[in-house]
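These notes concern the structure reproduced below.
None of the figures in this text is laboratory data; all of them are computed from the coordinates on show. Quick caveat, the model's predicted, so the values are computed rather than measured. Backbone-built Cβ (ideal geometry, glycine too); neighbour counts: all protein chains shown.
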């Protein structure tokens, strides 16, 4: 029996993983010792794996994570107030399923962005759609989008993500139109999707940073009360790693 027409049909059906596995079986003599059911099972498994890997690559690309970070590489050895049991609980992604939030605070270099991206990477691996945004830049973009017609589309993309990371909250005061834009984000996502915020400021200072008391109350009410909190401390992880490399 000629196998090439079958391979052509497999590729035409876009079963690329199955096609690769079939070629490998043809080149491997040991594969001939397997039963038809066993060989078919291997082909199907390969196709499933290929498709899952492709979907993961797509999710990671669209997430636009600031840092290439894997959950397994999180450093729990440095004394920086990182509760390993809490982080392991968060890695299960139940908080995303329950539509809760996460707030990570701490000084510059403490590893806030890395931890956020590592948790998002784990969520992507588990099938969730994530999106990373630096909040100062996002708020500027939203203000421009209100005037050039992109605002509804941009807001829709923010709501679509199962997990939205808003990095660097509080680097600058949130004023004027930015206050309303931030309120719309958290209002749209409240009890529908999860939001992760990182900040150098402790939560108790957020009210002042937002400025308008009424809007600040509304934003914090939707962000804080159903949020897990991680408060990092200690020296900059960049400084620590630099010292380790120069020893």
### Task
Determine, for each peptide in 106-115, 73-82, 223-232, the mean count of other beta carbons within 10 angstrom over its residues, then list the peptides with the highest first.
106-115, 223-232, 73-82
### Query
Over the range 52-170, what is the relative contact order in whole percent, taking alpha-carbon pairs under 8 Å and six or more residues apart?
34 percent
### Global form of the range 76-217, assessed from the alpha-carbon gyration tensor, a/c cut-off 1.5
oblate
#### Entry: Degrees, to the nearest 10: 213-223 long Cα axis against longest axis of the chain
30 degrees
### Query
Between residue 188 and residue 231, what FRET efficiency follows from the Cβ-Cβ distance if R0 is 30 Å, with the result rounded to 0.05?
0.65
### Projected-area average for the chain over all orientations - Cα convex hull basis, square nanometres
19.3 nm²
### Message
To test your reading of the geometry: what angle, between 0 and 90 degrees and rounded to tens, separates the Cα axis of helix 112-125 from the longest principal axis of the chain?
### Response
30 degrees
### Query
Rounded to a whole number, what is D in µm²/s for the range 4-62 from Stokes-Einstein with the Kirkwood radius over alpha-carbon pairs (20 °C, 1.002 mPa s)?
174 µm²/s
### Query
Spin-label point model (7 Å from Cα, Cβ direction): what's the residue 150 to residue 126 distance in nm?
3.2 nm
### Message
To test your reading of the geometry: what angle, between 0 and 90 degrees and rounded to tens, separates the Cα axis of helix 151-160 from the longest principal axis of the chain?
### Response
60 degrees
### Query
In nm, to one decimal, how far is the residue 75 label point from the residue 13 one, both placed 7 Å along Cα→Cβ?
5.0 nm
### Task
Report, in deg cm²/dmol and to the nearest 500, the calculated mean residue ellipticity at 222 nm for the chain, where each DSSP H run with n ≥ 4 adds -39500 (n - 2.57) and the sum is divided by the residue count.
-17000 deg cm²/dmol
### Task
Determine the relative contact order of the chain: mean sequence separation of Cα pairs under 8 Å and six or more apart, normalised by residue count, in whole percent.
24 percent
